[in-house]
Amino acid sequence: MIVFSGMRPSGQLHIGNYLGALKNWVELQKKHQCVFGVVDYHAITTPFNPKAIKKDSMALVLDYLAAGIDPKKSIIIVQSHIPEHTELAWILSTLAPLGELERMTQFKDKAKQNKENVNAGLFCYPVLMAADILLYKADLVPVGEDQAQHVELTRTLARKFNNKFGKTFPEPKAQLLKFGARIMSLTDPNQKMSKTGDESIALIDSPEKIREKIKKAVTDSGKEVKYDEKNKPAISNLLTIYHLFSDKAIADIEKKYQGKGYAEFKKDLTEVIIRGLKPFQERRKKLEKNPRLTEKILAEGQKKAQKIAQETIKEVKTKMGLI
Ligand code: TYM
């Protein structure tokens with residue numbers, strides 16, 4: 001199986017990105033050929049800083065490495081370095097129904113947040129994402145729940161292309177984790193944790209910051225530590241985070257805090273997160289000392305990825321009668 005996934009270089013990664021996607025990538029690379037992208041062309045569809053985006057892209061590569069992505073096993077690329085991504089996106093855009101693009105929840109949310117710049121790139125964002133995936137003929141796309149709709153559109157586009165021009169692409173599936181696919185905000189458990197704002201814990205947050213944020217995290221009424229998404233969304237979210245960082249079963253965690261109340265649970269959760277992030281933070285500090293490393297890894301990744309990408313584009317253009 002071939003796996004593709006990516007992240008936007010826009011701000012610090014948070015534990016939602018890690019628990020919902022990145023942690024899973026590290027597992028998948030043990031069994032499958034994986035391509036992981038730093039999707040800078042997606043990042044420019046919303047306001048960005050031209051002086052910072054390249055640095056942010058390199059920082060994201062370091063995050064991938066520090067999380068455990070092994071460049072000897074997996075291919076790491078920066079999307080804008082491989083022009084075939086946008087070439088395939090243009091071709092796929094001619095198959096993408098406007099009505100379906102209009103229905104994309106992320107487009108609607110982002111258009112609302114950026115009223116002064118609702119650009120065509122933001123609208124076509126899912127088509128570029130489909131191109132990222134199909135360019136490598138990926139079968140599996142490990143993402144958080146918020147990206148599932150885009151992967152569904154990717155399947156539609158693959159099917160349409162295959163029906164019109166002959167079998168070319170697999171219909172890729174999103175892989176969502178049972179726990180972690182939707183980590184919620186610490187200050188509003190009805191909103192997903194997002195890249196900006198105080199409601200999230202960044203992977204590079206200091207122990208002091210993590211302590212402060214968990215202390216401030218909202219809880220539900222009552223005092224029982226119990227997983228109940230409907231009636232206890234905040235505690236269920238904190239339990240999910242505890243579970244994923246400690247590898248302890250939710251039922252065991254519930255048992256441990258039976259009759260003990262939220263304060264003790266939160267205190268221990270803080271330590272579980274700090275301990276869980278420590279290996280990442282230590283590896284990242286070491287990697288930062290070697291700035292040439294990312295350049296080397298990206299050059300190798302680009303070479304391998306472009307070979308696949310060029311073959312796909314050639315096949316696509318031939319099937320369409322363009323060449
Ligand atoms: P992005 O950069 O917003 O997020 C990166 C990954 O993190 C997941 N994620 C979450 N998971 C659980 N809980 C959360 N609160 C949470 N927030 C974010 C996202 O689902 C994602 O998996 N469009 C994509 C990037 C992309 C891509 C692709 C992904 C571009 N091309 C091709 C897969 C395949 C995005 O903006 O992710």
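FYI, it's all coordinate maths here, none of it is from the lab. As the structure is a computational prediction, the values presented were derived from the model and not from experiment. Here the Cβ positions follow ideal geometry from the backbone for every residue, glycine too, while neighbour counts run over all protein chains shown.
Below, the figures for the structure above:
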quantity: Angle between the chain longest axis and helix 233-246 axis [Cα atoms, degrees, rounded to 10]; calculated: 80
quantity: Relative contact order of the chain, defined on C-alpha pairs under 8 angstrom at six or more residues apart (%); calculated: 22
quantity: Crossing angle, helix 262-288 versus the chain [Cα axis fit, 0-90 degrees, rounded to tens]; calculated: 40
quantity: For region 197-285, size of Cβ-based charge dipole, Lys and Arg +1, Asp and Glu -1, in debye; calculated: 240
quantity: Length-normalised contact order of region 1-93 in % [C-alpha pairs under 8 Å, at least 6 apart]; calculated: 38
quantity: Cβ-defined net charge surrounding Y257, 15 Å radius [Lys, Arg +1; Asp, Glu -1]; calculated: +1
quantity: Neighbourhood charge, 12 Å Cβ-Cβ cut-off, centred on A174 and excluding it, Lys, Arg +1 and Asp, Glu -1; calculated: -3
quantity: Stokes-Einstein D in µm²/s, Kirkwood radius over Cα pairs - region 232-279 at 37 °C with 0.692 mPa s viscosity; calculated: 304
quantity: Partner lysines for K215 [C-alpha distance under 16 Å; skip if fewer than 8 residues away on the same chain]; calculated: K223, K266, K267
quantity: C-alpha center-to-center spacing [region 93-164, region 8-57] in angstrom; calculated: 17
quantity: Environment charge at P97 (Cβ cut-off 14 Å; Lys +1, Arg +1, Asp -1, Glu -1); calculated: +2
quantity: Size of region 197-285 as Cα extents on the principal axes (Å, biggest first); calculated: 40, 26, 21
quantity: Nearest 10 degrees, 0 to 90: helix 84-93 Cα axis against the chain principal axis; calculated: 80
quantity: Rg in Å to one decimal, and Dmax rounded to a whole Å, for region 140-257 via C-alpha atoms; calculated: 18.6, 60
quantity: Diffusion constant of region 91-174 at 4 °C, which comes from Stokes-Einstein with the Kirkwood Cα-pair radius and 1.567 mPa s, µm²/s; calculated: 98
quantity: Rg/Rg_globular for region 139-181, with Rg_globular taken as 2.2 N^0.38 Å and Rg from C-alpha atoms; calculated: 1.28
quantity: In Hz, Karplus ³J(HN,Hα) per residue of region 150-161 (6.51, -1.76, 1.60; θ = phi - 60°; x = Gly, Pro); calculated: 5, 5, 4, 5, 4, 4, 4, 5, 4, 4, 4, 4
quantity: Alpha-carbon Rg with Dmax, taken over region 1-152, Å; calculated: 14.9, 45
quantity: Kirkwood Rh and Cα Rg combined as Rg over Rh, evaluated for the chain; calculated: 0.99
